[in-house]
Amino acid sequence: MDKIFDDSKVFYKFDPEIPPIGRVLPGERTRIRTRDCFSNQLVDENQQLSSIDFSQVNPATGPLYIEGTEKGDALVVHILKIITASSGLVVSLPGEGFLGEDVKTSKNRRCLVRDNFVEIAGVKLPYRPMIGVIGVASSDKHPTGVPGRSGGNLDTKYITEGATLYLPVEYSGALFGVGDLHAAMADGEVCVSGCEVRGEVELEFSVLKGLAPAWPVVEYGNTNYIIVSAGTLEESLKEAARTTVKALSKAFSIDWNDAYMLSSLVADFQISQLVDPKKTVRVGIPSSVIRAEDLLKAMR
């Protein structure tokens, strides 16, 4: 039988001191309901953003204690299914987003989900559900709205159905949480919001002992992505490049310069989001070049 967790218990920091709401065995199919990024406080296009409590933004359902996980392991999260509500909201407000200085007034716009499309302002887009916030407890106790080495607000569109996410475990049980679903979100999330929806995810967990990666890794399609976040886009790209070159050097037992050259041939640098407190980039390396487990070993 599936383990089911509703969204009555949420948290706002990846803090190891928060008691778990339940325990899950590796291989146990788990269904988790989530609030939207506004904690379901924003209900229509006419509601003022000033009316919501911003201390309740980006809730994560959990934390869940994953049996058999210990410090230094990689928690493997298999994303089986994402089900979203039939409507959500996109917002724009002064000072927020990549062009926040150009925004004069706040605006909310409803997006409708139907027939495998998302419709906004009369425009039809493909329905592409994905997870914004996903991670495990961290010693820095960072807010759920901030991305980092242990996960968090990664806002990476390939964290979706069919993907496998690898997260570094710092504490026994991992203390996993998930939230902030989007019915659609493009790279950059340029206005600070995707189509923000409540919903439900179906996950299955496994553990790779002693293989905690330096940064989250997501395996999607035929590509493995290293997900890196830092204070600026330049810092994120530099850290991602150094991490990639070091991993390729170790994986193939080649010197740094050869790995640096190899990265120019196989590593695609992409932007996940530009608008969170830390900016997130990803480096895609084909699975035909290096398998996910070998990449994790090389990132140790």
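Looking at the stretch 111-120 only, could you name the residues that are outside any loop (DSSP other than H, G, I, E, B) and either under 13 Å from the mean Cα position of the chain (by Cα) or at pLDDT below 95 (or both)?
First, pick out the residues of the stretch 111-120 that are outside any loop (DSSP other than H, G, I, E, B): 111-114, 117-120.
Answer for the stretch 111-120, where residues must be outside any loop (DSSP other than H, G, I, E, B) and either under 13 Å from the mean Cα position of the chain (by Cα) or at pLDDT below 95 (or both): just Arg114.
Working only within the stretch 87-141, note down all residues that are closer than 28 Å to Val218 by Cα and of a type in the set (Val, Ile, Thr).
Residues satisfying the conditions are Val90, Val91, Val113, Val118, Ile131, Val133, Ile134, Val136.
May I ask you to say which residue of Ser253, Ser236 is free of Cβ contacts under 8 Å to residues at least 60 places away in the same chain, under 18 Å from Asp187 (Cβ atoms) and of a type in the set (Ser, Thr, Tyr)?
Unique residue meeting the criteria: Ser236.
Among residues belonging to the stretch 121-137 that are in a loop (DSSP other than H, G, I, E, B) and either closer than 16 Å to Ser193 by Cα or charged (D, E, K, R) (or both), point out the one that is modelled with the lowest pLDDT.
Among those that are in a loop (DSSP other than H, G, I, E, B) and either closer than 16 Å to Ser193 by Cα or charged (D, E, K, R) (or both), it is Ala121.
Within the set of pairs 6 or more residues apart or between chains, which connect a residue that is among the aromatic types (Phe, Trp, Tyr) inside the stretch 94-116 to a residue that is surrounded by 14 or more Cβ atoms within 10 Å (Cβ to Cβ) and outside any strand (DSSP E or B) with Cβ atoms less than 6 Å apart?
Once the first residue is among the aromatic types (Phe, Trp, Tyr) and sits in the stretch 94-116, its partners that are surrounded by 14 or more Cβ atoms within 10 Å (Cβ to Cβ) and outside any strand (DSSP E or B) give Phe98/Val190; Phe98/Leu274; Phe98/Val275.
Which condition number in (1) within 25 Å of His182 (Cβ to Cβ); (2) touching a Leu at 6+ places or on another chain (Cβ under 9 Å); (3) in a loop (DSSP other than H, G, I, E, B) is the one that Ser229 fails?
(3)
For Thr61, indicate whether it is at pLDDT 95 or above, in contact with a Lys or Arg (Cβ under 7 Å, 6 or more places away or on another chain), outside the structural domain of Leu233 (by TED's automatic domain parsing) and among the hydroxyl-bearing types (Ser, Thr, Tyr).
So Thr61 passes the test.
Counting only residues that are part of a loop (DSSP other than H, G, I, E, B) and polar (S, T, N, Q), which one in the stretch 262-293 is surrounded by the fewest Cβ atoms within 10 Å (Cβ to Cβ)?
Going through the qualifying residues, I end up with Ser288.
Output the number of residues of the stretch 131-173 satisfying the condition of being among the small types (Gly, Ala, Ser) and either under 11 Å from Asn58 (Cβ atoms) or under 9 Å from the mean Cα position of the chain (by Cα) (or both).
As a first pass, look at the stretch 131-173 and keep what is among the small types (Gly, Ala, Ser): 132, 135, 137-139, 145, 148, 150-152, 162-163, 172-173.
Narrowing the set further to residues that are either under 11 Å from Asn58 (Cβ atoms) or under 9 Å from the mean Cα position of the chain (by Cα) (or both) leaves 132, 135, 145, 151-152.
Selection size over the stretch 131-173: 5.
Given the criterion under 21 Å from the mean Cα position of the chain (by Cα), within 22 Å of Ser150 (Cα to Cα) and surrounded by fewer than 16 Cβ atoms within 10 Å (Cβ to Cβ), identify the matching residue among Pro26, Pro16.
Answer to the check: Pro26.
Exactly one condition in (1) within 30 Å of Asp44 (Cβ to Cβ); (2) modelled with pLDDT of 95 or more is false for Ser150; which is it?
Single failed check for Ser150: (1).
Taking the stretch 69-84 as the search range and keeping residues that are crowded, with 16+ Cβ neighbours inside 10 Å and over 15 Å from the mean Cα position of the chain (by Cα), which one is nearest to Ala184 (Cα to Cα)?
Thr84
The values are calculated or read from the model by the stated rules, or taken from the named source; none is laboratory data. Predicted model, so just to flag it, every value in this text is computed and none were measured. Here the Cβ is made from the backbone with ideal geometry for all residues, glycine too, and neighbour counts use every protein chain on show.
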